[in-house]
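So the structure is just underneath, and the comments pick up after that.
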Amino acid sequence: MKTTTLLLSSLLILIAPVLAYEERTHASDIDQVLKAPERPQQDKARDAARKPADILALVDIKPNMAVVDFIAGRGYYTDLFARILNNSGKLYSVKGKLEKRDLSLFNNISVLPTLDLSEVKSPVDRIFTALNYHDIINKPSIDRQKLLKTIYGKLKDDGYFIVIDHNAAPGTGKSQTKKLHRVENTFVLNEITSAGFILDRSLSVLANPNDTFAADVWQESTKGKTDRFVYRFKKSK
């Protein structure tokens, strides 16, 4: 027993510097991407409110991964993911409106026009959606249980589903998704875990304790200042 303990302790001592080096290297890669001179200035102007260094560390994209930016909008995160992958792996930008972006250096991006992920033929490493879950709730035509089942099925066994959205007041559930474009964090957490996912990590970097939850997220006074939750889910075993 003592010999086994000593061997394990020695192994941990050897592994720890390697893990620390990998974490530093990954952080350095993210920093280089964020500071790249060719990144759009309008994106850089949004970084203070969006905390992309923390978000990218959580998403944890590595070379040759397959990544889905689900309901990508104007492509803030699609742009970042493309730069992290750097023409390795595959990037799907679902409903991405990328016309105003110069992504010509990247040949691994596919823009998907529909939400059903039917064009994603092989399991992926990451599915990411930012500030869109409340929009999914707002569309009666979308069967969320079916969609979550699809997302679950499209992920690799060690993949992650990452969700960011504007928080709503405690006890309001999904009642404010249309009026204020917010959804209560516990509603989202419960719905996604009920679909078979396990909460792996959460971040508080986008939390705002001063948010009263009373204002529409599109008001100038609230843009970039809402209380936002960040969840990373994995498949249940």
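List the residue ranges in the chain for DSSP H helices whose C-alpha atoms run 24 angstrom or more along the long axis and whose Kyte-Doolittle average is -1.0 or above. Please report the intermediate quantities before stating the final value.
Values: long enough: 2-35 (50 Å, 0.49).
Result, helices passing both filters: 2-35.
Can you tell me what share of the DSSP beta bridges in the stretch 161-237 is antiparallel? A percent to the nearest 5 is fine. Present the calculation step by step, with values, prior to reporting the outcome.
Working: 12 of 13 bridges.
Antiparallel: roughly 90 percent of the beta bridges in the stretch 161-237.
Of LEU98, TYR77, THR193, which is farthest along the charge dipole of the stretch 43-198 in the positive direction, counting Lys and Arg as +1 and Asp and Glu as -1 at C-beta?
Among LEU98, TYR77, THR193, the one farthest towards the positive end of the dipole of the stretch 43-198 is LEU98.
Among LEU56, LEU131, rank each residue by its count of other Cβ atoms within 10 Å, from fewest to most, as a rough exposure measure. Could the numbers behind the result be given before it?
On the way: LEU56 22, LEU131 18.
Exposure proxy ranking, most exposed first: LEU131, LEU56.
I'd like the distance separating the alpha-carbon centroids of the stretch 185-236 and the stretch 136-172, in whole Å.
If you average the Cα positions of each part, the centres end up 12 Å apart.
Can you compute the helix-only [θ] at 222 nm over the chain? Use -39500 (n - 2.57) per DSSP H run of at least 4 residues, normalise by all residues, nearest 500 deg cm²/dmol. Write down the numbers at each step before the final one.
On the way: 7 runs with 88 residues, N = 237.
The per-residue figure over the chain is -11500 deg cm²/dmol.
Which of the three applies to the stretch 40-235, rounded, prolate or oblate, going by the alpha-carbon gyration tensor with a ≥ b ≥ c and a/c under 1.5 meaning rounded?
Details: a/c = 1.62, a/b = 1.23, b/c = 1.32.
Cα axes put the stretch 40-235 in the oblate bin.
Apply the Karplus parameterisation 6.51 cos²θ - 1.76 cosθ + 1.60, with θ equal to phi minus 60°, to every residue of the stretch 218-230 and state each ³J(HN,Hα) to the nearest whole Hz, in sequence, with x for glycine and proline.
Once θ is set to phi - 60°, the couplings for the stretch 218-230 become 8, 5, 4, 6, 10, 4, x, 10, 6, 7, 10, 9, 10 Hz.
Restricting to bridges with both residues inside the chain, how much of the DSSP beta-bridge set is antiparallel, in percent to the nearest 5? Spell out each step's value before the answer.
Values: 13 of 31 bridges.
Bridges in the chain are about 40 percent antiparallel.
Report the relative contact order of the chain, percent, no decimals, based on alpha-carbon pairs under 8 angstrom and at least 6 residues apart.
Working: 379 pairs, mean separation 36.7, N = 237.
For the chain, the relative contact order is 15 percent.
With θ set to phi - 60°, apply the Karplus curve 6.51 cos²θ - 1.76 cosθ + 1.60 along the stretch 104-115 and write out the HN-Hα couplings as whole Hz, x wherever there is a Gly or Pro.
For the stretch 104-115, the Karplus curve yields 5, 6, 10, 10, 10, 9, 10, 8, 9, x, 10, 8 Hz.
Report, in listed order, any pair from LYS179/LYS225; LYS44/LYS235; LYS121/LYS178; LYS149/LYS174; LYS62/LYS225; LYS154/LYS225 with a Cα-Cα distance greater than 26 Å. Mind dumping the intermediate values first?
Details: LYS179/LYS225 18 Å; LYS44/LYS235 33 Å; LYS121/LYS178 33 Å; LYS149/LYS174 20 Å; LYS62/LYS225 30 Å; LYS154/LYS225 33 Å.
As for pairs spanning more than 26 Å Cα to Cα, those are LYS44/LYS235; LYS121/LYS178; LYS62/LYS225; LYS154/LYS225.
Within a 10 angstrom radius of the beta carbon, how do HIS181, HIS166 rank from fewest other beta carbons to most?
Working: HIS181 19, HIS166 24.
Listed from fewest to most nearby Cβ atoms, that is HIS181, HIS166.
Any read-out appearing in this document is the output of simple, stated calculations on the displayed coordinates, not a laboratory observation. Predicted, not measured: the structure shown is a model, and the values here were computed from it. With ideal geometry, Cβ positions are generated from the backbone for all residues, glycine too; neighbour counts draw on all protein chains shown.
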